[in-house]
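For reference, the structure discussed in these notes is given below.
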Amino acid sequence: MNPQSHWDHIYRTRSATDVSWYRAHLEKSLELIESAAPHRDAHIIDVGGGESTLVDDLLRRGYRNVSVLDVSPAAIEATRSRLGEQADLVSWIVGDITVIALPERHYDVWHDRAVFHFLTDAGDRQRYVDLVGTAVKPGGQVIVATFGAEGPLQCSGLPVVRYDADTLHEEFGVRFKLLGHLTELHQTPFGTTQQFLYCYCRVEEVRR
């Protein structure tokens, strides 16, 4: 099953609140985004946005240039439906993050909660990092959350890669200046706890 079919099946057979990563509001993500982009005209992309309420909360806070990317058309469709007329304020992108093309030097903030850890192939991770490096403006910030070193070994039937701050930042390399990291113990809807690691960094200008 290819990634789109896999995630379409997940989103079509489970409710938004019946997946392990569900959280009513992504408080930590919102805090980091607002710190990275205090101006409401900043261009923000939420990678793997799925049915997350992050887009709702960003719009509620007055952000005017929000993009949501997901491999699953079903997830995008559900989120658009939930937002109603406000969906027209968002740029919706359906595609696989390892092969998609995005506009260069366009985004001020790149946010990813729980996509990168699904990239178990080193080549896919490199393509992801290369895309971030071209799509985010120099000086823009990248916020990536993965399962931490004590997190689950798999999610939604797929294996994942767990990280600590050093190993996650090593994947991105010296062009990405690490600004900080933190861990969060996420309480799933099923009463279990998952350790998430957030790393946030700044994209440095390439010197020729």
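A short reminder: the numbers here are calculations on the coordinates, not readings from a lab. Computed from a predicted model, the values in this text were never measured in an experiment. FYI the Cβ positions are ideal-geometry reconstructions off the backbone, even for glycines, and counts take in every protein chain you see.
Observations, loosely collected:
- Exposure proxy ranking, count of Cβ atoms within 10 Å, fewest first, for 185, 89: 185, 89
- Taking each residue as 0.36 nm, the span from residue 175 to residue 122 lengthens on full extension beyond its C-alpha to C-alpha distance by 17.3 nm.
- Applying a DSSP loop filter and a limit of 15 other Cβ atoms within 10 Å to the trypsin sites (Lys or Arg not before Pro) in the range 52-129 leaves 61, 64, 105.
- One quarter of the convex hull surface built on the alpha carbon atoms of the range 94-171 amounts to 5.4 nm², the projected area averaged over directions.
- The residues neighbouring residue 150, those whose beta-carbon lies less than 14 Å from its own, together hold a net charge of -1 under the Lys/Arg +1, Asp/Glu -1 convention.
- Estimated distance in nm for a label pair at residue 104 and residue 182, the labels positioned 7 Å out from Cα along Cα-to-Cβ: 3.5 nm
- Rounded to whole Å, the principal axis extents of the Cα atoms in the range 132-208 read 50, 21, 20, largest first.
- Prolate/oblate/rounded label for the range 62-112 (Cα gyration tensor, a/c 1.5): oblate
- Residue 24 versus residue 150: modelled label distance in nm, points set 7 Å from Cα along the beta carbon direction: 2.6 nm
- Residues in the range 121-155 reached by a label modelled at residue 166 [backbone nitrogen below 16 Å; 7 Å Cα→Cβ]: 149-150
- Placing unit charges on the Cβ atoms of the charged side chains and taking the dipole of the range 39-140 about its Cα centre, the candidate lying farthest along the positive direction among 54, 42, 74 is 42.
- GluC sites (Glu not before Pro) restricted to DSSP loop in the range 136-180 with at most 16 other C-beta within 10 Å: 150
- The Stokes-Einstein estimate for the chain, based on a Kirkwood radius over Cα pairs and taken at 37 °C with 0.692 mPa s viscosity, is a diffusion coefficient of 191 µm²/s.
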